[in-house]
Amino acid sequence: MRAVDIIRAKRDGDALSREAIDSFVSGVTDGSWPDYQIAALLMAIVLKGMTPVETAWLTDAMSRSGEHVNLDAIPGIKVGKHSTGGVGDKVSIVLAPLAAACGVVVPKMSGRGLGHTGGTLDKLESIPGFRVSLSLDEYRKMLAEIGCCLISQTETIAPADKALYALRDVTGTVESLPLIASSVMSKKLAEGSNALVLDVKCGRGAFMQRPSDARLLARSLVSIGTAAGVRTEAFITRMDVPLGRAVGNAVEIAECIEVLKGAGPADLTALVVRLATRMVRLAEKVATDEEAEARVRSALASGAALEKLRALIKGQGGDPAVVDDTSRLPAATSVHRLKAESSGCITALDALLVGRAAVALGAGRDKKGDAVDLAAGIMLLKKPGEAVSAGDTLMELRYNDGSRLNAAIALAAQAAVIGDKAPPEQGLVMGWVHDSGETLFVAGM
Ligand code: URA
């Protein structure tokens with residue numbers, strides 16, 4: 001089929017046939033579709049959408065563009081995790097070792113930063129020596145010996161997604177339910193997990209800003225996983241405000257270590273405990289959620305989860321001493337302190353603007369292939385609900401390249417809103433889509 005006819009069909013709002021979708025995915029994988037035609041079809045999909053059937057075909061074709069890892073030789077139910085992406089979203093780096101310390105085997109292929117959201121792989125690469133590109137044999141060995149592994153998609157896993165992901169990042173085609181669902185699930189179905197816990201981010205700093213869209217995405221992800229025989233559930237979690245206090249790469253690794261030492265921010269710790277509890281349940285390690293949560297809290301309190309992170313870093317060639325001494329991580333040469341202009345209480349902290357400010361400092365990419373400054377990032381000293389006095393530091397902008405600072409300040413300065421009254425406390429988890437239905441924790445979703 002001719003690429004131009006497929007693009008025209010989607011531009012005009014037609015549903016694509018399975019043959020057209022297969023032809024597109026083969027063209028992406030074997031390089032016969034040029035980037036401009038791929039980007040044109042991606043934009044048409046963003047604007048015109050896809051039916052659930054088209055989305056399932058697209059996922060299947062992308063997943064079959066490479067190999068599926070077989071982890072049957074490793075005993076137990078393997079439980080994967082994936083987030084649709086947020087600002088300060090470092091959950092996987094805490095969660096994988098925590099769940100592994102509870103006896104769960106956690107196969108995990110992660111991504112790089114996408115748009116204003118950070119990527120687990122970029123964060124991990126700030127650990128000196130850490131290798132994210134392991135072979136599938138090394139991946140299996142890590143899982144058998146340590147119980148967790150955080151790697152990049154190998155060349156042979158969903159190569160179509162790898163190519164599309166990089167192009168979507170720089171063509172304004174990330175924010176689309178069928179494209180996100182097919183991207184996430186094509187990898188997840190290939191990485192060897194028997195069960196999956198997904199974190200669908202919702203709000204200003206997420207690709208799904210409206211709760212109703214996040215709910216549709218969560219349903220789509222769960223139904224694709226379930227149809228493929230993988231027990232899948234999705235939490236919809238709030239992403240209006242960055243998660244934790246660190247946004248960037250090395251700064252986020254330092255915060256992950258704090259969480260595993262029991263001294264991390266409350267929002268991040270609570271979310272990690274919630275997701276780890278479900279992973280322990282899905283792995284059928286215990287019979288109730290209460291027992292699962294007790295096991296998770298004990299792995300945190302005993303330091304077992306921290307030791308698992310140390311083993312993970314060592315196993316992937318990184319410097320395990322960062323766990324004891326985070327000054328071994330890359331540090332920025334300069335800091336700009338953004339001050340409060342008035343006194344009161346922080347009423348909002350826009351995750352999208354903070355994410356863009358971090359990218360402006362160099363923590364993310366503007367275009368395909370750009371290098372990331374692993375030390376650049378933002379520390380949020382004041383978060384919603386906290387009191388401030390005029391002149392207090394709201395955020396630290398840490399940077400190496402001074403030519404980037406003004407753009408970052410312009411974005412960051414608009415992110416924090418100071419008012420008179422503390423905003424109402426809102427739980428992070430808005431909803432949970434699982435195999436027996438949907439549980440909503442927020443009205444009007
Ligand atoms: N994470 C992915 O793997 N893909 C997307 O499209 C968005 C988030």
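Taking a quarter of the surface of the convex hull around the Cα atoms of segment 135-222, what do you get in nm²?
Numbers: hull surface 25.6 nm².
Directional mean of the projected Cα hull area for segment 135-222 stands at 6.4 nm².
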Note to self: C-alpha centroids of segment 2-42 and segment 125-145 sit apart, in Å, by 34 Å
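Between Glu155 and Ile77, how high is the FRET efficiency from 1/(1 + (r/R0)^6) when r is the Cβ-Cβ distance and R₀ = 41 Å? Nearest 0.05. Before the final figure, lay out each step's value.
On the way: r = 28 Å, r/R0 = 0.67.
Between Glu155 and Ile77 the formula returns 0.90.
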About the Cα centre of the chain, how large is the charge dipole given +1 on each Lys and Arg Cβ and -1 on each Asp and Glu Cβ? Please answer in debye to the nearest 20. 160 debye
Against the rule of thumb 2.2 N^0.38 Å, how large the Cα Rg of the chain comes out: 0.94
Loop-resident sites, segment 63-100, for trypsin sites (Lys or Arg not before Pro), counting at most 15 other Cβ within 10 Å (DSSP): none
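So if R0 is 30 Å, what FRET efficiency would Ala266 and Ala390 give, r being the distance between their Cβ atoms, rounded to the nearest 0.05?
Values: r = 26 Å, r/R0 = 0.88.
In this case the efficiency is close to 0.70.
So how do Lys261, Lys10 rank on accessible area, 1.4 Å probe, biggest first, that is with the largest at the start? Please report the intermediate quantities before stating the final value.
Details: Lys261 100, Lys10 5 Å².
Result of the area sort, largest leading: Lys261, Lys10.
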Of all GluC sites (Glu not before Pro) in segment 114-208, the ones in DSSP coil with at most 13 other Cβ atoms within 10 Å are Glu155
I need the fraction of alpha carbon pairs in segment 226-358 separated by more than 23 Å, rounded to a whole percent. 50 percent
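Give the whole-number value, in cubic angstrom per residue, of the convex hull volume spanned by the C-alpha atoms of segment 331-419. The partial results should precede the final answer.
On the way: hull volume 7.3 nm³, N = 89.
Normalising the Cα hull of segment 331-419 by residue number yields 82 Å³.
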At a probe radius of 1.4 Å, what is the per-residue accessible area of Leu405, in Å² to the nearest 10? 20 Å²
If the cut-off is a Cα-Cα distance under 14 Å, which aspartates and glutamates reach Lys421, setting aside same-chain residues fewer than 8 apart in sequence? Glu386
Gap separating the Cα centres of segment 50-97 and segment 378-413, nearest whole Å: 34 Å
Past the 26 Å Cα-Cα mark, which pairs from Lys123/Lys285; Lys162/Lys261; Lys187/Lys382; Lys308/Lys382; Lys162/Lys308; Lys201/Lys367? Lys123/Lys285; Lys162/Lys261; Lys187/Lys382; Lys308/Lys382; Lys162/Lys308
Multiply the residue separation of Glu290 and Ala228 by 0.36 nm, subtract the distance between their alpha-carbon atoms, and state the gained length in nm to one decimal. 19.4 nm
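On full extension of the chain, what length is gained from Ala410 through Glu67, given 0.36 nm per residue of separation minus the C-alpha to C-alpha distance? Show your work: numbers first, answer last.
Numbers: separation 343, 0.36 × 343 = 123.48 nm, distance 4.50 nm.
Contour length minus the Cα-Cα distance gives 119.0 nm.
Could you give the Stokes-Einstein D for segment 79-325 in µm² per second, using the C-alpha Kirkwood radius, 10 °C, 1.306 mPa s?
90 µm²/s
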Answer with one residue from Ala250, Ile7, Ala321: the one whose Cα lies farthest towards the positive end of the charge dipole of the chain, charges on Cβ with Lys, Arg +1 and Asp, Glu -1. Ala250
Mind checking which of Met430, Thr347, Ser126 is farthest towards the positive end of the chain's charge dipole, using Cβ charges of +1 (Lys, Arg) and -1 (Asp, Glu) about the Cα centre? Thr347
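The values are calculated or read from the model by the stated rules, or taken from the named source; none is laboratory data. Source: prediction; values computed, not measured. For neighbour counting, all protein chains shown are included, and Cβ atoms are generated from backbone atoms with ideal geometry for every residue, glycine included. Remember, those area values only see protein heavy atoms, side chains included, never the ligands or the DNA or RNA. Shrake-Rupley method; radii C 1.70, N 1.55, O 1.52, S 1.80 Å.
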